[in-house]
Amino acid sequence: MSVIVAISTAPGNSGIGIVRMSGKECFEILDKIFMPKTKNKTGEIKGYTIKYGYVHDLNNKEIIDEVLVSYFKEPKSYTTENMCEINCHGGTVVLKKILEQCIEAGARMAEAGEFTKLAFLNGRIDLSQAESIIDLINSKTEKEAKASIKGLEGELSIKINQVREKILDLMADIEVNIDYPEYDVPEISYSKEKTVLENIKGELEKLEKSFETGRILKEGIKTAIIGRPNVGKSSLLNLMLKEERAIVSDIEGTTRDTIEEMIQIEGIPLKIIDTAGIRDTADEIESIGVDKAKKIANEADLIIAIFDASKEISKEDKYILEIIKNKKSIIVLNKIDLGKKIKLPIKINNIVEISIKTKQGIDELYKNIIELFNIGEIESDQSIIITNIRHKNKITNSIEALKKAISGIEEKLPVDIISINIIQCLNELGEITGDNVSEDIINKIFSKFCLGK
Ligand code: GDP
């Protein structure tokens, strides 16, 4: 078994950098390049101990850096093997040099995600937990990180295993019928089987549905701010961007001056679409036309429709009300500081009166957004949220297989035909936790990790 090594901290200069090794013989390799201040035989050093000393060049013994080394002994480590982490100064040159010394002393360069892959292959975590680690590292918002932590703690795995247990119980009954049809085993009750499968399908559909929340946590609530000229669209956008609680973050692949901006309200991500349009007066409803407004509204998860409360309702305002009729939307009556003149022609539930100028009603607007998406409850809610598209696809496939099994029962097909679909469902679920998954898929999943994780 080889010892693997990698720099685990992000590239670039920083206060501290970490070089990490894992493998049965990693302490022997460490001994060749590390001089601890107080000498102990490696075998005497307990796990979860930190030792202070110097890393030196293997050949000319020149000191490279002053370091702290953490020791983790098998099986109580991230990978379940012997591990050590060399905490050195975070300069690129120092880190590279220490890495080179480890390699020269006998370690080999780790592949991307190899530490976590070992944790999976050695049975400390399952596949969905490993994937939650990537999701956690890549989280862009607090809530997404929270959902990933739940995955890391194994909540999804527990749920999937419970469902699989139920299916296996049912399969056991069915198998008896297939294997020993000549025996006088009571015929499986088709109606009982159907009820069990339908319950399981319901549980899986709930999980599948949670992906919509998961997607929002990951990508943000796609929000469009629409309204006729001068109602305060760009003022609201600027206010949201400036508010302390609205942390602006870059979206992968886009830059700040393009058309999307991600902000957070109480940890909930909003992706404001067409911000360029909002800032550019060319986006005014009269010049862009109803079609463009409709298009933006169609792309959005949420529409914030702004009206000038101090004016009579206009023709454009009525267009907007028409466009948002069947969409998740919040009507914002702005400029309430100038008095309220507007009368809406229809009864609408989600109305907030605000003044961007005096900040009146802004908290209520945020509260409304959170309530509309039920996301505020994630923290207290015990239910699992699927954030990973691979998991979602596997759940969708398993539901499809169950549907086939259920219609097979309705058509009174032979049990061995029905059982093919049930086994298919089991296999799909098994691929989530990694119980039956091909090496190719495993390699593909771990290659998405960063080096040193
Ligand atoms: P947009 O064309 O919809 O983006 O509107 P703007 O954000 O550019 O705002 C138009 C004008 O209304 C600006 O002069 C703002 O200062 C003003 N305004 C925005 N919100 C308020 C408000 O709540 N009260 C008052 N009195 N003026 C506001």
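Evaluation of residue 428 against the conditions (1) under 21 Å from residue 155 (Cβ atoms); (2) under 20 Å from the mean Cα position of the chain (by Cα) shows that the sole unmet condition is (2). Selection over region 418-436 of residues that are out of contact with any Ser or Thr (no Cβ under 6 Å at 6 or more places or on another chain) and closer than 20 Å to residue 402 by Cβ gives a count of 13.
The set of residues in region 19-36 that are outside any loop (DSSP other than H, G, I, E, B) and either open to solvent by less than 40 Å² (accessible area, probe 1.4 Å) or not assigned by TED's automatic domain parsing to the domain that holds residue 56 (or both) comprises 19, 20, 21, 22, 26, 27, 29, 30, 33, 34, 36. Of all residues in region 98-113, those that are closer than 15 Å to residue 28 by Cα have Cβ atoms under 7 Å from Cβ atoms of residues that are assigned to a helix (DSSP H, G or I) and of a type outside the set (Asp, Glu), 6 or more apart or on another chain, in 101/33; 102/29; 102/33; 105/29; 105/32; 105/33; 106/29; 107/29.
Scanning region 335-360 for residues that are of a type in the set (Ser, Thr, Tyr) and open to solvent by less than 60 Å² (accessible area, probe 1.4 Å) yields a count of 1. When the test is whether a residue is away from the ligand (no atom under 16 Å from the Cβ), in the same structural domain as residue 302 (by TED's automatic domain parsing), within 30 Å of residue 238 (Cα to Cα) and of a type in the set (A, V, I, L, M, F, W, C), residue 348 passes it. Checking each residue in region 325-345 for being assigned to a strand (DSSP E or B) and within 13 Å of the ligand (Cβ to nearest atom) picks out 332, 333, 334.
Test residue 387 against the stated conditions and say whether it is open to solvent by 30 Å² or more (accessible area, probe 1.4 Å), over 30 Å from residue 99 (Cβ atoms) and in a loop (DSSP other than H, G, I, E, B). Spell out how you get there, then give the answer.
Working: open to solvent by 30 Å² or more (accessible area, probe 1.4 Å): no; over 30 Å from residue 99 (Cβ atoms): yes; in a loop (DSSP other than H, G, I, E, B): yes.
It is false that residue 387 is open to solvent by 30 Å² or more (accessible area, probe 1.4 Å), over 30 Å from residue 99 (Cβ atoms) and in a loop (DSSP other than H, G, I, E, B).
In region 418-453, the qualifying residues are those that are of a type in the set (A, V, I, L, M) and open to solvent by 80 Å² or more (accessible area, probe 1.4 Å), and the one that is modelled with the lowest pLDDT is 451.
The values are calculated or read from the model by the stated rules, or taken from the named source; none is laboratory data. As the structure is a prediction and not an experimental result, all values here were calculated from the model. All Cβ positions, even for glycine, are placed from backbone atoms using ideal geometry, and neighbour counts span all protein chains on display. Just so you know, the surface numbers come from the protein's heavy atoms only, side chains and all, with ligands and any DNA or RNA stripped out. Shrake-Rupley method; radii C 1.70, N 1.55, O 1.52, S 1.80 Å.
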